[in-house]
Amino acid sequence: MEFCIRDDDTSFFTLPEELERAYGETSQWGRISLAVVPFHRAGTSKAVPEQFRGQWSVHPLHNNRALVEYLRTAVSKGRFEIMLHGYYHDEPCGQREFSDGNDLGHKATDGRKYLEDLIGAPIRVFVPPHNSIGRGGLRAIVGANLHLGCVAGLRSGWSPVSQRTWGTWLKLRKWRKSGGLGIPWVLDLGDHREIAGNPVTPLSRIDMNKAIFEMTQAMGGVFCAATHYWELDVPSCHRGEPTVGEQLRQLIERARSDQRVMWRSVGEVLSSSSFVMASNVN
Ligand SMILES: [Zn+2]
């Protein structure tokens, strides 16, 4: 099976020490895929430090030189992969940037080029802020030649006139009805691919993620852990559950202890996984 880690919200506001503390050791074992915001707007995201929150000022990544240098070095050593995580990330009035926003074609193309030029590495994957995307957002990322680091679904972007859409939808429905957990495949929608993230957050439960992992392992499928570096010390909302960081650590230990698990980046899995659903639907 293939295992990858997606970490959201690296931006101007991120300190290199925070990423180093979260992944300094882990990224020596396998590449971590960072979803990076190119021009973070200081709105309501909990990743924005409190003193900036609600100011709605825009903060380009290149103004944090220490972080840019850190990312360039770490990417060149194969410790991190960079993915695109929205453009401004935060929108006023609770809007979701890539489901409610406008000018998305420009934001996807320009955001990709900006990060590629700044960090010096190719970008293959788009992760929408709040995992929220719509039809216009999906068109924009396909136009920017990017895959999707979550699952859009029928209501949020898949074309209702595509046979692949319905083939994928039917297979997923069958999977769930038979007791299947998570989505252990890369989904091939024809013009792009998608991978589901398994949340590792204060709301997640380690036993559920372990159950999804074991089911995925039995099928030789794909498992993507989705988390936030700024949340690793946060206690679980559920009594008796380990912290977010401890939940992630247990999943990593499970992956590392099994020689049948291949640790890859999200971009690698999306570009070249051998476990792709719907490739035979037409
Ligand atoms: Zn985010």
Worksheet item: What is the distance in Å between the Cα centres of the range 138-195 and the range 1-70?
Response: 27
Response to the item:
With the dipole of the chain defined by +1 on each Lys or Arg Cβ and -1 on each Asp or Glu Cβ, the option from Ile5, Ser178, Pro242 whose Cα lies farthest towards the positive pole is Ser178
Fill in: Relative intensity, log₁₀ I(q)/I(0), of the range 1-160 from a Debye sum that treats every alpha carbon as a point, q = 0.12 Å⁻¹
-0.49
Discussion item. Can you compute the label reach from Arg256? Point 7 Å from Cα along the Cβ direction, backbone N cut-off under 19 Å, restricted to the range 204-237.
Written reply: 210, 213-214, 223-229, 232-233
Worksheet item: With each pseudo-label sitting 7 Å past Cα toward Cβ, what's the Glu20-Trp56 distance in nm, one decimal?
Response: 3.7
Worksheet item: How much solvent-accessible surface does Val222 expose, in Å² to the nearest 10, with a 1.4 Å probe and all protein chains in place?
Response: 10
Worksheet entry | Zone of Thr73's modelled label, taken as backbone nitrogen in the range 9-46 under 12 Å from a point 7 Å along Cα→Cβ | 16-17, 20
Fill in: Relative contact order for the chain, counting Cα pairs under 8 Å that sit 6 or more residues apart, in percent
23
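Using a cut-off of 9 Å between beta-carbons, work out the net charge of the residues near His147 (Lys and Arg +1, Asp and Glu -1, His147 not included). Don't skip to the answer; put the middle values down first.
On the way: positive: Arg124, Arg193; negative: Glu194.
Taking every other residue near His147 into account, the sum is +1.
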Worksheet item: What nm value, rounded to one decimal, do you get for the distance between Asn145 and Cys237 when each label is placed 7 Å out toward the C-beta?
Response: 4.0
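What order do you get for 48-55, 105-112 when each peptide is scored by the mean count of other beta carbon atoms within 10 Å, highest first? Spell out each step's value before the answer.
Working: 48-55: 13.5, 105-112: 19.6.
In descending order of packing, they fall as 105-112, 48-55.
Can you work out the accessible area per residue across the range 33-130, with the rest of the protein chains kept in place, probe 1.4 Å, in square angstrom?
Values: 4240 Å² over 98 residues.
Spelled out: the 1.4 Å probe surface of the range 33-130, per residue, equals 43 Å².
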Worksheet item: Which value, in nm² and rounded to one decimal, describes the direction-averaged projected area of the C-alpha convex hull of the range 35-111?
Response: 5.7
Worksheet entry | Efficiency of FRET from Cβ geometry, Leu170 and Asp191, R₀ 22 Å, rounded to 0.05 | 0.65
Discussion item. Sort 80-90, 206-216 by the packing proxy (mean of other Cβ within 10 Å over each peptide's residues), most packed first.
Written reply: 80-90, 206-216
Worksheet item: Going by a ≥ b ≥ c, the root eigenvalues of the Cα gyration tensor, does the range 104-249 fall in the rounded group (a/c under 1.5), the prolate group (a/b larger than b/c) or the oblate group?
Response: oblate
Practice prompt. Could you state, as a whole-number percent, how many of the C-alpha pairs of the chain are farther apart than 32 Å?
Written response: 20
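Using the C-alpha atoms of the range 112-195, what convex hull volume per residue, in cubic angstrom, is computed?
Details: hull volume 8.7 nm³, N = 84.
Output value, Cα hull per residue: 103 Å³.
Could you rank the peptides 24-34, 9-19 by their average count of other C-beta atoms within 10 Å per residue, with the highest value first? Write out the running numbers ahead of the final one.
Values: 24-34: 18.5, 9-19: 20.2.
Taking the mean over residues of other Cβ atoms within 10 Å, the ranking is 9-19, 24-34.
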Worksheet item: Among all helices in the chain defined by DSSP H, which have a length of 30 Å or more along the axis from Cα atoms plus a Kyte-Doolittle mean of at least -0.5?
Response: none
Fill in: the range 261-270 - phi-based ³J(HN,Hα) in whole Hz, Karplus 6.51/-1.76/1.60, Gly and Pro as x
8, 9, 8, 9, 7, 4, x, 5, 4, 5
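Just check the range 178-282 against the gyration tensor rule for me: Cα atoms, a ≥ b ≥ c as the square roots of the eigenvalues, rounded for a/c under 1.5, and otherwise prolate or oblate depending on whether a/b exceeds b/c.
Working: a/c = 1.93, a/b = 1.85, b/c = 1.05.
It is prolate, given that a/c is not under 1.5 and a/b is the larger ratio.
The values are calculated or read from the model by the stated rules, or taken from the named source; none is laboratory data. For clarity, every value in this text was computed on a predicted model and none was experimentally measured. No Cβ is skipped: glycine too gets one built from the backbone with ideal geometry, and neighbour counts run over all protein chains shown. Heavy atoms of the whole protein, side chains included, go into the accessibility calculation; ligands, DNA and RNA do not. Shrake-Rupley method; radii C 1.70, N 1.55, O 1.52, S 1.80 Å.
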